[in-house]
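Asker: Quick one: structure below, then a few questions.
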Amino acid sequence: MTVLVGDCRTVMPTHAPFDMIFADPPYGDTSLGWDRRVEGWLAVARQSLAPSGSLWLFGSLRSFLAIAAELRTAGLRYAQEIVWEKQNGSAFHADRFKRVHELIVQFYRSDARWDGIYNDVQTTSDAVARSVRRKMRPSHTGQIERGYYVSEDGGPRLMRSVIFARNCHGRAIHPTEKPLGLIEILIRTSCPPGGLIGDWFAGSGAAGEAARATGRRYLGCEIDAAMAERANARIVATLPLGGVPAAPDPNPGDAR
Ligand SMILES: C[S@@+](CC[C@H](N)C(=O)[O-])C[C@H]1O[C@@H](n2cnc3c(N)ncnc32)[C@H](O)[C@@H]1O
């Protein structure tokens, strides 16, 4: 449970394979000094994924379009996306909509099959009672068998792909810190309990706190040493699943 200091392209592969890669890199959408796109990390991340693993990548549509070819060349296949809706956002352009969302897209190894990827489908407990006759679907929407689907009031319902979570504005230790509730949903979906999460652009270590709270192992990487130190302090202070505080890791270079 630690954040290593360095460049993820060289630091992280030596700790592979990861059951889940959590990646929140600079998008490269602006001319701001810290917003420089990192070249070449996708292929390295793909090589570092366990066969049943997947990678969740934060970005804007602009940033995904910029790396579309690189994703394919790296051997990563699209699985699905989530829209994270925030209470406020950025207004870089006075003549466009105020941007209050981010995309989070899941990819998996293109040599793997989706049914072999760890995927614990998330539900919410707000279904309304209904009974649905499910028809056979045409093949272009995937083969779904005929049958009945019955739900009860307050029972489980598939979680929606648009997720509202307040951003950390005003209490963050990193300018683009992501909210714990959102990260925990991704972790529960895509990393088995006890599995290893690689957080390639760790920033504040928010994913480390979420990993600890959900009982997963975690290794982060952050190029800014001062930020990595703050992230590590935050993770150590988090109570793990079960509530027993951890002793500081005596050998932080060997998180597996
Ligand atoms: C968008 S922020 C991540 C924020 C983080 N998810 C959080 O919730 O706090 C991106 C981070 O990646 C770091 N970074 C940039 N290039 C990197 C590299 N090559 N290897 C590791 N970290 C890098 C930056 O210093 C920055 O802190």
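Asker: Can we say LEU57 is within 14 Å of ILE104 (Cα to Cα), within 14 Å of the ligand (Cβ to nearest atom) and in contact with a strand residue (DSSP E or B) (Cβ under 6 Å, 6 or more places away or on another chain)?
Answerer: yes
Asker: When the range 17-32 is examined, which residues are found to be within 11 Å of the ligand (Cβ to nearest atom) and without any contact (Cβ under 8 Å) to a residue 60 or more places away in the chain?
Answerer: As a first pass, look at the range 17-32 and keep what is within 11 Å of the ligand (Cβ to nearest atom): 22-28.
Listed by number, the residues that qualify are TYR27, GLY28.
Asker: Within the range 51-79, can you find the residues that are free of Cβ contacts under 8 Å to residues at least 60 places away in the same chain, open to solvent by less than 20 Å² (accessible area, probe 1.4 Å) and closer than 20 Å to PRO17 by Cβ?
Answerer: LEU55, LEU57, LEU71, ALA74, GLY75, LEU76
Asker: Okay, moving on. Among the residues of the range 186-210 satisfying the criterion of being assigned to a loop (DSSP other than H, G, I, E, B), out of contact with any Gly (no Cβ under 7 Å at 6 or more places or on another chain) and within 13 Å of the ligand (Cβ to nearest atom), which is farthest from VAL5 (Cα to Cα)?
Answerer: SER204
Asker: From the list VAL38, VAL83, VAL11, which one is touching a His at 6+ places or on another chain (Cβ under 7 Å), assigned by TED's automatic domain parsing to the domain that holds ASP224 and among the aliphatic types (A, V, I, L, M)? Show your work before the answer.
Answerer: On the way: VAL38 fails: touching a His at 6+ places or on another chain (Cβ under 7 Å); VAL11 fails: touching a His at 6+ places or on another chain (Cβ under 7 Å).
Just a single option satisfies the conditions, and that option is VAL83.
Asker: Continuing with this model, one more query. Assess whether THR176 counts as being modelled with pLDDT under 95, within 26 Å of the chain's Cα centre (by Cα) and surrounded by 10 or more Cβ atoms within 10 Å (Cβ to Cβ).
Answerer: Yes; evaluated as a whole, the condition is true for this residue.
Asker: A further question follows. Do any residues in the range 164-185 that are in the same structural domain as GLU222 (by TED's automatic domain parsing) and more than 10 Å from the ligand (Cβ to nearest atom) have Cβ atoms under 6 Å from those of residues that are outside any loop (DSSP other than H, G, I, E, B) and open to solvent by 40 Å² or more (accessible area, probe 1.4 Å), where the two are at least six apart or on different chains, and which pairs are they?
Answerer: PHE164/GLU85; ALA165/GLY181; ARG166/GLN87
Asker: Looking at (1) within 14 Å of the ligand (Cβ to nearest atom); (2) open to solvent by 40 Å² or more (accessible area, probe 1.4 Å); (3) out of contact with any Gly (no Cβ under 7 Å at 6 or more places or on another chain), find the lone condition where ALA45 falls short.
Answerer: Only one criterion is unmet by ALA45, namely (2).
Asker: Would you mind stating whether THR14 is of a type in the set (S, T, N, Q) and either exposed (fewer than 13 other Cβ atoms within 10 Å of the Cβ) or within 12 Å of the ligand (Cβ to nearest atom) (or both)?
Answerer: yes
Asker: If only one of ALA213, ALA237 is away from the ligand (no atom under 12 Å from the Cβ), surrounded by fewer than 18 Cβ atoms within 10 Å (Cβ to Cβ) and either at pLDDT 95 or above or farther than 27 Å from VAL121 by Cα (or both), which one is it?
Answerer: None of the other options fit; the residue is ALA237.
Asker: Now for a different question. Among the residues of the range 101-143, which ones are touching an Asp or Glu at 6+ places or on another chain (Cβ under 8 Å) and either at pLDDT 95 or above or under 14 Å from TYR78 (Cα atoms) (or both)?
Answerer: Across the range 101-143, the qualifying residues are HIS101, LEU103, ILE104, VAL105, GLN106, TYR118.
The values are calculated or read from the model by the stated rules, or taken from the named source; none is laboratory data. Computed from a predicted model, the values in this text were never measured in an experiment. For neighbour counting, all protein chains shown are included, and Cβ atoms are generated from backbone atoms with ideal geometry for every residue, glycine included. In case anyone asks, the SASA skips ligands and DNA or RNA and just uses the protein heavy atoms, side chains included. Shrake-Rupley method; radii C 1.70, N 1.55, O 1.52, S 1.80 Å.
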